[in-house]
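First the structure, in the form of structure tokens, and then the observations on it.
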Amino acid sequence: MNPLLHRALALFLPPLVLFALVVIAWNGAVVYWELPPYLVPTPVAVLNVAKENRAALWSGALLTGKAALLGLLASLVVGILIAFVFSQSRLIQRAGYPYAIFLQTVPIVAIAPLIILWFGHGFQSIVIISFIVSLFPIITNTTTGLTTLDPNMVELFEVNNATRLQRLLKLQLPGAVPYIVAGARISSGLSVIGVIVGEFFAGFGGNKFGLGYLIYFANATLKTSYLFAAVISSTLLGLAMFALITGIGNLLTLRWRGTR
Amino acid sequence: MSFPPDSARQTSVTLEQVSLRFDRGVEALHDLNLRVGDGEFLSVVGPSGCGKSTMLRLVAGLLRPTSGSVHIGGDTKLAGRQTRRDISFVFQQPTLLPWRSVEKNVRLPLELRGRVGDEGRRRVAEVIDLVGLRDFARFYPAQLSGGMQMRVSLARALVTRPSLLILDEPFAALDDITRQRLNEELLALWGRDRFTAIFVTHNVSEAVFLSQRVVVMSARPGRVLAEVPVPFSFPRNAELRAEPDFARLTGDVSRTLRESFR
């Protein structure tokens, strides 16, 4: 067999088989227990609803994806800046760290209405909510990356009379790249969750709706098949985000692994 | 074999009654006296934790002695920022930046000195050639074997034309054949440029093969227990290791070293 095909099969076949088994079990359960469609629709019903509403689901996924990407991007920029400040002084790090943890522990569902109150109903608030939930992993990972230094590397720079700035630009920042990539991978999933939560509260108005609003709407009107379709779409979107960030990250860290 | 005198570049090192006590109260070195001559190749052996690495860091100006003094170059300059311009340090690990190619790793010390012009680029190519890695200039460290990584580390140390090369067990992690080959290469490089070299190792045979003098240090707190001159002429080659005189001298040093463990 073609080795490339073989590898692709080895990669994709197991999860696809599992997926098929789950769908069959799902269908079997609905038929066996005679579950009403407003509680659990059959896979076929979900697929049909998804097909009927594919335009709305697609544009919803695009809108949600756009907001998540912007939120993630903002968290990368701000998170790296904060981590940079943290890495410059132990004192600043000690002073600021509890508030960074606050970002991690604050229930975003409780904060979201406040954000909307401050920034209004609309896209900007959703991006901000996504940004807030994505920020913490970027801060912690980047701070770790900037401050975890091989003592010999530090001595190497010192023997060569390197300045603080040279050490930062030529040692700490590039050395932090794998850590930033790891943080971004975690945040890629979180950013989608942040947008969905934001859209629950702010997705009204206009004629463009994100997946979060579709979920909210489908739930409120008991359109369970549609709800399932929207949830599955947002899961796929999260997977796509994760794959995208992982792909970019792998490109950035190719050299570390010795495969160019 | 004689070497052209190049007094402007040569560097001697003098440690006078150097003691160093770390903050935790551990005394790493006690009244250490050591002189390394211009262009001399000196090896230092001693039990683990005897302060060999600490001594090297004092010479490189990475640490300051609690008492005593460390002089570099004649008896005028104290170890520190100024003298570091002429010093290169080779660590036990290759200590390469994984995101930089061989070429760019070797270039780093020139970059840090703001000296990457055409001449710098020529020098980078030259030292990569010297360590036999011409075909690997664009490879990344992860693509190289341990021995090749150590060659890159050597090239990086030599790129600045140091007058003092400090080596802290650089070949300890390599297999024996690679180690022997690198010993021979290092010696050829030394014969070519005649920098002053201080080489710390656990391996007595390596110390005898490389150096003009072997210093045996005592267990902590470290001081000089014995100095053994190595009379073999240069250039030395692999056959030296098979000669009876080599075995005898290695035996002598080993015996002294064993005593130092007491």
- Among B:Glu16, B:Glu27, the single one that is within 23 Å of B:Pro229 (Cβ to Cβ), surrounded by fewer than 19 Cβ atoms within 10 Å (Cβ to Cβ) and acidic (Asp, Glu) is B:Glu16
- If a residue has to be part of a helix (DSSP H, G or I) and surrounded by fewer than 19 Cβ atoms within 10 Å (Cβ to Cβ) to count, how many in the stretch A:222-245 make the cut? 9
- Message: under 20 Å from A:Ile92 (Cα atoms), within 14 Å of the chain's Cα centre (by Cα) and assigned to a helix (DSSP H, G or I): which single residue out of A:Ile138, A:Ile129 fits that description?
- Response: A:Ile138
- Note on the structure: In the stretch A:104-159, anything aromatic (Phe, Trp, Tyr) and within 14 Å of chain B (Cβ to nearest Cβ) is listed as A:Phe157
- Which ones in the stretch B:19-64 are touching a helix residue (DSSP H, G or I) at 6+ places or on another chain (Cβ under 7 Å) and among the aliphatic types (A, V, I, L, M)? B:Leu20, B:Ala28, B:Leu29, B:Leu32, B:Val44, B:Val45, B:Ala60, B:Leu62, B:Leu63
- Here is a list of conditions, (1) touching a residue at least 40 places away in the same chain (Cβ under 8 Å); (2) part of a loop (DSSP other than H, G, I, E, B), and B:Asn105 meets all of them except one; can you say which number that is? (2)
- Message: Would you confirm, using the coordinates I've provided, whether A:Val181 is among the β-branched types (Val, Ile, Thr), within 11 Å of chain B (Cβ to nearest Cβ) and part of a helix (DSSP H, G or I)?
- Response: no
- Note: among B:Leu112, B:Leu130, B:Leu96, just one is at pLDDT below 95, more than 8 Å from chain A (Cβ to nearest Cβ) and within 23 Å of the chain's Cα centre (by Cα), namely B:Leu130
- Item | A:Gly249 being within 25 Å of A:Ser75 (Cα to Cα), outside any loop (DSSP other than H, G, I, E, B) and within 14 Å of another protein chain (Cβ to nearest Cβ) | yes
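Residue by residue, here is whether (1) modelled with pLDDT under 95; (2) under 28 Å from A:Leu47 (Cβ atoms); (3) more than 14 Å from chain B (Cβ to nearest Cβ); (4) touching a Gly at 6+ places or on another chain (Cβ under 7 Å) holds:
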{"position": "A:Gly194", "(1), (2), (3), (4)": "yes, no, yes, yes"}
{"position": "A:Gly212", "(1), (2), (3), (4)": "yes, yes, yes, yes"}
{"position": "A:Lys223", "(1), (2), (3), (4)": "yes, yes, yes, no"}
{"position": "A:Phe228", "(1), (2), (3), (4)": "yes, yes, yes, no"}
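The values are calculated or read from the model by the stated rules, or taken from the named source; none is laboratory data. No experiment lies behind these values; they were computed from the predicted model shown. All Cβ positions, glycine included, derive from the backbone under ideal geometry; neighbour counts span all protein chains shown.
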